[in-house]
1. Provide Ile175, Ile23 ordered by accessible surface of protein heavy atoms (probe 1.4 Å), highest first.
2. Got a number for the accessible area of Leu106? Probe 1.4 Å, square angstrom, nearest 10.
3. Mind ranking Phe199, Phe8, Phe16, Phe104 by accessible surface for me, highest first, 1.4 Å probe?
4. Once the piece of chain linking Ala88 and Asn105 is laid out straight, how much longer is it, given 0.36 nm per residue of separation minus the C-alpha distance between them?
5. Taking amide hydrogens as modeled 1.01 Å from N in the peptide plane, which residues meet the under 5 Å criterion relative to Phe203, leaving out close sequence neighbours?
6. Using only the Cα atoms of segment 87-217, construct the convex hull and provide its projected area averaged over every direction, in square nanometres to one decimal.
7. Between rounded, prolate and oblate, where does segment 143-195 land on the alpha carbon gyration tensor, with a ≥ b ≥ c its root eigenvalues, rounded for a/c under 1.5, else prolate if a/b exceeds b/c?
8. Based on DSSP, what percent of beta bridges with both residues in segment 87-217 are antiparallel, to the nearest 5?
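The values are calculated or read from the model by the stated rules, or taken from the named source; none is laboratory data. Please read all numbers here as calculations on a predicted model, not as lab measurements. Every residue, glycine as well, gets a Cβ built from its backbone with ideal geometry; the counts of neighbours run over all protein chains shown. Each accessible area value is taken on the protein alone, full model and side chains, heavy atoms only, with ligands, DNA and RNA left out. Shrake-Rupley method; radii C 1.70, N 1.55, O 1.52, S 1.80 Å.
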Amino acid sequence: MSDSGLGFSVKRFVIFIVACAIITLVFEGMSDVGGSMIKGQVSRTTSKFHPEKNVGDRIKPVFVLEDKTAVASAENSSDDSVVDSWNAADSCEQVIEGNDMLQFNLKEMKVSAACDSVTVTLKHTGVMAAEIMGHNWVLTTDSDFMPVATAAAGAGLENNYVPVGDDRVLSATSIIGGGEETSVTFSIGSLSAGDDYTFFCSFPGHYAIMKGSFKVIA
Ligand code: CO
């Protein structure tokens, strides 16, 4: 039987197997090379985003809704500073600031029960006039805060938005505008260490935001 060139022969079979093996080895070799090229590319690309690499080159967000780190450290530092800086003798002289953004710079004021009297100095750090963005500092008990704040609007600017002859008002400064400063000195003899007091600005509408707690520390 002669070899037609299409039939089975052991020689062709062996050549075929060897050819397959060579092709397989070549492909494996190529894939190793290709694989390492890809690995290298992935490594070069992703390493840019490694937490500790290229930090300065990264695109910064335009704004963040809340910087948790900053907020946390601010809270810690303010807590620490309050604890560290509070001094019973110093607490008899209080300074608080109001601005054009309807804000006091303090949410809490603490005075020592040992103070003969307390002086609160209010500074308006803004530029707006008293008629537009006036601020004062008014002290009441927590429970009198809302009724007095509501009644204050009727007193008018001529009375510094403080109800005239109202015993619920424990202390109050006059209304000031931007760049001005005022102060009031009062006895805390009638205040109790255990009671809750609120300070606020009685300019109409301001009390909702411009308020804080006033505590007498025994
Ligand atoms: Co105000």
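1. From most accessible down to least: Ile23, Ile175.
2. Surface accessible to solvent at Leu106 totals approximately 50 Å².
3. Phe8, Phe16, Phe104, Phe199
4. Here the answer is 4.1 nm.
5. HN-HN under 5 Å from Phe203: Asn136.
6. The directionally averaged projection comes out at 7.0 nm².
7. In terms of gyration-tensor shape, oblate.
8. 60 percent
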